[in-house]
Amino acid sequence: MAVFANDIDIKAIGNGERVPSLAYSYYVASNASTERLAETGHLALSSSSQIMGRFQSLKMLRHPHLCAYVDIHRDKQDRVFVVAEHFETSLHKPDESAPAFSNTRLLRTLAGELLLALAYLHDQDIVHGCLAPHNVLLDHNSRAKLAGYGLYYMTGQGEDVDFPIGYPNYLAPEYTLNGEHTAKGDIWSLGVMLLELSIRHSFWTTSDLGLIFDSLSTLCTRSTALDSLGHENTASLDINEKALAFLEKRETENEDEDALRLFLLACLQIDPADRPNAHQLLSSPFFAKTALADQPWIHGPVLSSDALPEQPLTPPQPNHKPANMLQSLSLAQIYHLWRLAGGDVALDAAKRNVFMSTPVIEQLPRSCSENEEIGTNKRDLAQLYVDTVYPISFKELYQRLDAQPQDQPDRFAWDTNYFTVMDEDDVNFLLNDTPGPPALDLEHTKKLDRTGDDNDSSITTMSSSSSLVDDIIFTSAPSLLSTPISSSPASIPTSVDPANGLQPTPTNSSSKRRSRTFSLSRSDSHSSSISQHSTSPTHAATATNHTLPLFLREQNVHYQYQRQALFSALLQQYPASRQEIIHHAKVDIPPLLRGKIWAAILGVRGDCQKQFDQIDKYRDFGANRQIDVDVPRCHQYHDLLASSVGHGKLRRLLKAWVAANPGLVYWQGLDSLCAPFLTLNFNDEALAFACLQRFIPRFLKNFFLSDNAPVLQEYLAIFRHLISYHDPQLSSHLETIGFLPDLYAIPWFLTLFTHVFPLDKTYHLWDKFLVGPSSLPLFAGVAILRQIRDTLLSCEFNDCIVLISDSFPKVDIEKCVQNALAMCKVTPPSVCARMSEAPTTGHGEPDESLGHPSPSLPGWTMPMPIDLKKKDLAPRMHSQDFLSTLPHSLVLDIRHDHDFVRGHLPGSMNVQPQHLKNYASIFKRMHRKYHVVIAENEEQGAEYAGQLVHQEFPRVALLQGGMLAVERIPGFSELCYCKPQKQTTAEFRGKGTDPPFVIRRCKEPNPRS
């Protein structure tokens, strides 16, 4: 199934419809509500956070007769700005083309459209509460669009604001009893509006609010209907006589008018119990002659047959461009681009001078007496609510999109094949000669797919075969995204248009499925700015490429327009397009679509909601108490997570995870691990949970066992080895002062840095984690230390503790990721292999095709015990990785000289460990990339490797198994049996004393160099 095919964040407007306008309104959240939350010990931080949390569900509402909500913001004064779809015409302010709704036929159509919208809202437990003519907008086809329907809901039924919600002229009588808006109250408001349109007069004869409320209170005491009140009972009411006369009419020859009158009487029943709901009204005789199109026909996708030749659905149009460059985008994408183009609702409101304020003189007390001021307004009430919407102008956005940058057309170019580029004197372990996905991801995908819906069996088969071929281990990339900025004269927005058949770059592994993948939207290849024939760049080209930082790329309108268009097209074709999504995500990920792209990379598919609903999220599995403690402390600076809605969602996610993983337990930190997925998929808990279920086994396997100490200790030992491997000076210093990873790194890796970094930095970090090997977080930890290494080298133990706790906000995430990838690329996979994994084909990814190690196999092929890893300062290397590094390695053989003569590696050197300080400077001047130790006794070899680290030799590793492991490498026959050449210091003359050291050097050069 196409998981994201109809997602509202990626679904384009379409060429046949106009680009809707957007507008914003604002109000001020209640300080008193915030104080009440604090006094009652409520978990939410502020009323504005509560409002923003509730608003998120409003963004998901889509109906033909509702104005869609787009976004919400708040400023430092707790002003809340709500952005929504907008139309200039309304019932309150019709234009010349608007129909006269006094006509019964048109009034019936209007009533039906409004009832359909109200029925949809009431089914979602949302009450409009402020229905009035100016909240009924009309689009260019004169179709009704309800606006302002979310105010009562998002403010917690008015609890989080200091102003009343609703318009007295349209309030139901029962509102005067309890001050609450109900669904039946919306029906009354609708009846009043329709009656006013029918008689062309106001329902009330007065505008005095006191008189209107008195009349409403009086109506509550009457049990009869409006048409049965009689003149003696209406004398005290301020209801328009024409309205009463219309309602009191008896049957006439005009059937439509009689049906309208009966319909309005039903809406205006004084007793809400007698008042029908929206669904009942839609079934009334008033709509017998009208076909209410509640659910419009949706044209489903049509997949072409592989047996037929590929034919475009429309004639090729090389120069075709959409009527409006924003038609290929969703409302959320349009607003996001408007903000990138400099749009800011708070700034726009300030420029319009719309922040009303009461003159200071009116805020002074009317009289002053001892210890008392009478008539003082401590707060400016004029700013609490402004009943005006302010349209957003797209002029600046259109200008920015039309302005094609001619200079530096490749300034955004980013090499997705960065991982295949290396120095000529180095090795790249991210290249995988064996095509296919990492076995861990494949196994986990099969496991999760088996737990899914049986109806998705065909998808399960695909997930275990072709759909995962180009996975996250940076195998040779399918093709290079040469430049996201088109160099053609046409403007960027028209060159990348998913509505007009954007064809993402196909990969070699997906060639068999390409016709199926892209059959939904074929067009001429000229419509795509993605290079189909790019080649891998050279190292020199990459070095000279002027790439802007990620922050600037995320702020550039042109770049984000194209990235959003590209990923929107790919997401609509997911899961068939998963390989292309992973490929392009290696560049960067557009922030607006990050949550869905992460889900696609993780391979989420099937009916996530069904699987999530089947989990028992209410039974206590022993973790509820700790979850209740952790949730209110999890990233409370974030508006969504600080709201009660956010607390509830996070709590359900954590309980669902505990229930769905009986073999695992809840550890503190899991809440932080959930936070990125929840904030990015706030309105889709099921998708967030599915992402979490796939994320943890891949990066944190066995971290949440009841006894996770061995797993953590092994992980920290590997981290310590990597520090030694890539920064021996820093490692030696930290070892000397006793500042071990156990003291500071557990929260890093248990939460993958979400506990120590704010979420905005975590997003960028995880963008690369998800498209990288599972060992990448280890290298990120090393990169973090290297950013503050100069300070660490000058600090003692206590100073390091303080520095680590204070330095995280200063870490450059983009630089950290680049350094981590650079280290990961040149690190042998066996250096960071974990005991819980089988022999690997890549960084931390087990090769299950080899099976589990057998006790009959040599010792060096068995997983290394954790205690041994903790004891060693330098890592150990597998013989297969050793062959890859051999051309760039200095091999230091510390076996006895007799053993060295019997057989050694060409180009290796036989040295005496006790004399290391005497000859260390000689080896450093050789500037070799790798330093590999071969020993007969591995304990002695590990000790010598640790000494090399203290002597600041980079990339030091002990060859596990020594020469025995080398001799048993299949097909390896490069041992040398020459008589080695002895070397010592030039000053040594051999006058009866032992030399300071002796180096026995093989005379034969390394044949692999």
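Extension gain, residue 77 to residue 355, is 99.0 nm, computed as 0.36 nm per intervening residue step minus the present C-alpha separation.
3J(HN,Hα) couplings calculated from phi for the range 623-629 with the Karplus curve 6.51 cos²θ - 1.76 cosθ + 1.60 (θ = phi - 60°) are, in sequence order, 10, 4, 5, 5, 4, 5, 6 Hz; Gly and Pro show x. Given their separation in residues at 0.36 nm each and the Cα-Cα distance between them, residue 815 and residue 8 gain 287.1 nm when the chain is fully extended. What's log10 of I(q)/I(0) for the range 577-712 at q = 0.17, 0.21 Å⁻¹, Debye sum over Cα points only, no solvent? Results for the range 577-712 at q = 0.17, 0.21 Å⁻¹ read -0.96, -1.35. Between their Cα atoms, which of 59/610; 761/815; 761/810; 761/870 are more than 20 Å away from each other? Pairs exceeding 20 Å: 59/610; 761/870. Dipole check for the range 875-1009: with +1 at the C-beta of Lys and Arg, -1 at the C-beta of Asp and Glu, and the Cα centre as origin, the magnitude is about 560 Debye.
For the range 87-287, a simple Cβ point-charge model (Lys and Arg +1, Asp and Glu -1, everything else neutral) yields a dipole of about 320 debye relative to the Cα centre. Sequentially through the range 811-826, phi angles give Karplus couplings (6.51, -1.76, 1.60; θ = phi - 60°) of 6, 7, 5, 5, 5, 4, 5, 4, 5, 5, 5, 5, 6, 4, 5, 9 Hz, Gly and Pro residues having no value and appearing as x. Since only 621, 646, 599 are under comparison, the one whose Cα sits farthest along the positive direction of the charge dipole of the range 585-657, derived from C-beta charges on Lys, Arg, Asp and Glu, is 599. Each of 167, 262, 236 was placed along the dipole of the range 87-287 (beta-carbon charges, centred on the mean Cα), and the one lying farthest toward the positive end is 262. Rounded to the nearest Hz, the phi-derived 3J(HN,Hα) couplings of the range 137-148 under the Karplus curve 6.51 cos²θ - 1.76 cosθ + 1.60 (θ = phi - 60°) are 8, 10, 7, 5, 9, 6, 8, 6, 9, 6, 10, x, where x marks glycine and proline.
The mean sequence separation of alpha-carbon pairs under 8 Å and at least six residues apart, normalised by the residue count of the range 712-849, gives a relative contact order of 29 percent.
In the frame of its principal axes, the range 861-1009 has Cα extents of 49, 33, 27 Å, reported largest first. Computed over neighbours whose Cβ is under 11 Å from that of residue 978, the net charge equals +3, Lys and Arg +1, Asp and Glu -1.
The protection proxy used here, the mean number of other Cβ atoms lying within 10 Å of each residue, ranks peptides 614-626, 710-722, 192-204 as follows, highest first: 710-722, 192-204, 614-626. For the pair residue 21 and residue 348, the difference between a 0.36 nm per residue extended length and the Cα-Cα distance amounts to 116.2 nm.
Between amide H atoms placed 1.01 Å from N, distances below 5 Å from residue 21 occur with 86, all of them 5 or more places distant or on a separate chain. Amide H to amide H, with H built 1.01 Å from N, residue 80 comes under 5 Å of 27, 28, 29, counting only residues 5 or more places away or on other chains. Rounded, prolate or oblate: which fits the range 904-992 when a ≥ b ≥ c are the square roots of the eigenvalues of the alpha-carbon gyration tensor, with rounded for a/c under 1.5 and prolate only if a/b beats b/c? Oblate shape, in that a/c is at least 1.5 and b/c is the bigger or equal ratio.
Highest mean first, the peptides 274-287, 907-920 sorted by other C-beta atoms within 10 Å per residue fall in the order 907-920, 274-287.
In this Cβ point-charge picture (+1 for Lys and Arg, -1 for Asp and Glu), the range 752-800 has a dipole of about 180 debye about its Cα centre. Among residues other than residue 290 with Cβ under 9 Å from its Cβ, the summed charge is +3 (Lys and Arg +1, Asp and Glu -1). Charge tally for residue 902 (other residues, Cβ to Cβ under 12 Å; Lys, Arg +1; Asp, Glu -1): -3.
Placing dummy labels 7 Å off each Cα toward the beta-carbon, the span from residue 798 to residue 384 is 5.5 nm. Residues whose amide H falls under 5 Å from that of residue 827, counting only those 5 or more places apart or on a different chain, are 429, with hydrogens built in the peptide plane. Ranked by the mean number of other Cβ atoms within 10 Å of their residues, highest first, the peptides 58-64, 889-895, 561-567 fall in the order 561-567, 889-895, 58-64. Computed over the Cα atoms of the range 712-849, the ratio of the radius of gyration to the Kirkwood radius (Rg/Rh) comes to 0.95.
Laboratory data are not the source of any read-out in this text; all were calculated from the coordinates shown. Bear in mind that the values here come from a model prediction, so they are computed numbers and not experimental data. For neighbour counting, all protein chains shown are included, and Cβ atoms are generated from backbone atoms with ideal geometry for every residue, glycine included.
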